[in-house]
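See below for the structure under consideration.
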Amino acid sequence: MQAADRGHTRWGIILPFLALPVVVLGVLIVGLFLWAYSDDDDGTRAGAAATVPCTEALAFGAAEPPAHARVRDCTVQRGIDTSYSAVLRMPREDVSDWLRETYPDAPEPRTGGGVCGALCLDVTHEDGLPGTAEAHVVQVRVEYENAETALVRFSAFTM
């Protein structure tokens, strides 16, 4: 009987102690991957656009909806940075006053064609973005649809 005991190891006792760290590590790795690919709090994956209330989108850039505007298509994208956008339709004559009231310390809006449209305004904290804004940059692009109506594309984002 002694020949059968020779070279015999006690793997039956050692194996559970070796397997436990491997199982724990495996569970942690699987949990990390599941957490990384899980949905955000708002129900979207990072980088996917989600619909938000328009007051939230405008407030991120320290703006309020203009009195006679129809605000729609308000979204947020979250990832490394956060980006809100909104589309407003409003009377042409109200656009400049709304921009001046919303961003009194900003430079005058640029005019003239190209990517800019009828009016463009880019505002940062360095050049007139109010301290209440959570955004680092606000961009406003205005197109005149006709003699009375302006289409305003508003975006506010972090960098």
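The values are calculated or read from the model by the stated rules, or taken from the named source; none is laboratory data. What you are looking at is a predicted structure, and each value in this text was computed from that prediction instead of being measured. Cβ coordinates were reconstructed from backbone atoms using ideal geometry, including for glycine residues, and neighbour counts include every protein chain displayed. For accessibility, only protein heavy atoms count, side chains too; no ligands or nucleic acids. Shrake-Rupley method; radii C 1.70, N 1.55, O 1.52, S 1.80 Å.
Going residue by residue through the range 144-159, is there one that turns out to be part of a strand (DSSP E or B), hydrophobic (A, V, I, L, M, F, W, C) and open to solvent by 30 Å² or more (accessible area, probe 1.4 Å)?
There is at least one residue in the range 144-159 that is part of a strand (DSSP E or B), hydrophobic (A, V, I, L, M, F, W, C) and open to solvent by 30 Å² or more (accessible area, probe 1.4 Å).
Restricting attention to the range 118-134, and to residues there that are open to solvent by 20 Å² or more (accessible area, probe 1.4 Å) and closer than 21 Å to residue 94 by Cβ, which single residue is modelled with the highest pLDDT?
122
Filter the range 66-105 down to the residues that are assigned to a strand (DSSP E or B) and of a type in the set (A, V, I, L, M, F, W, C) and list them by number. Reasoning before the result, please.
Just the residues of the range 66-105 that are assigned to a strand (DSSP E or B), to begin with: 70-78, 82-91.
Residues satisfying the conditions are 71, 74, 76, 86, 87, 88, 90.
What residue, among those in the range 34-53 that are surrounded by 10 or more Cβ atoms within 10 Å (Cβ to Cβ) and at pLDDT 65 or above, is farthest from the chain's Cα centre (by Cα)?
Only one residue tops the list, namely 53.
Is at least one residue of the range 142-149 aliphatic (A, V, I, L, M) and touching a residue at least 24 places away in the same chain (Cβ under 8 Å)?
Yes - at least one qualifying residue is present in the range 142-149.
For residue 108, state whether it is open to solvent by 60 Å² or more (accessible area, probe 1.4 Å), part of a loop (DSSP other than H, G, I, E, B), out of contact with any Gly (no Cβ under 8 Å at 6 or more places or on another chain) and not aromatic (Phe, Trp, Tyr).
yes
Would a scan of the range 81-89 turn up a residue that is among the basic types (Lys, Arg), surrounded by fewer than 10 Cβ atoms within 10 Å (Cβ to Cβ) and either more than 29 Å from the chain's Cα centre (by Cα) or modelled with pLDDT of 80 or more (or both)?
To start, the set of residues in the range 81-89 that are among the basic types (Lys, Arg) comprises 89.
If we keep only those that are surrounded by fewer than 10 Cβ atoms within 10 Å (Cβ to Cβ) too, we end up with none.
No, the conditions are met nowhere in the range 81-89.
Do you know which residues across the range 93-105 are in contact (Cβ under 8 Å) with a residue 24 or more places away in the chain and either within 18 Å of the chain's Cα centre (by Cα) or open to solvent by less than 80 Å² (accessible area, probe 1.4 Å) (or both)?
Of everything in the range 93-105, those that are in contact (Cβ under 8 Å) with a residue 24 or more places away in the chain and either within 18 Å of the chain's Cα centre (by Cα) or open to solvent by less than 80 Å² (accessible area, probe 1.4 Å) (or both) turn out to be 94, 95, 98, 99, 102, 103.
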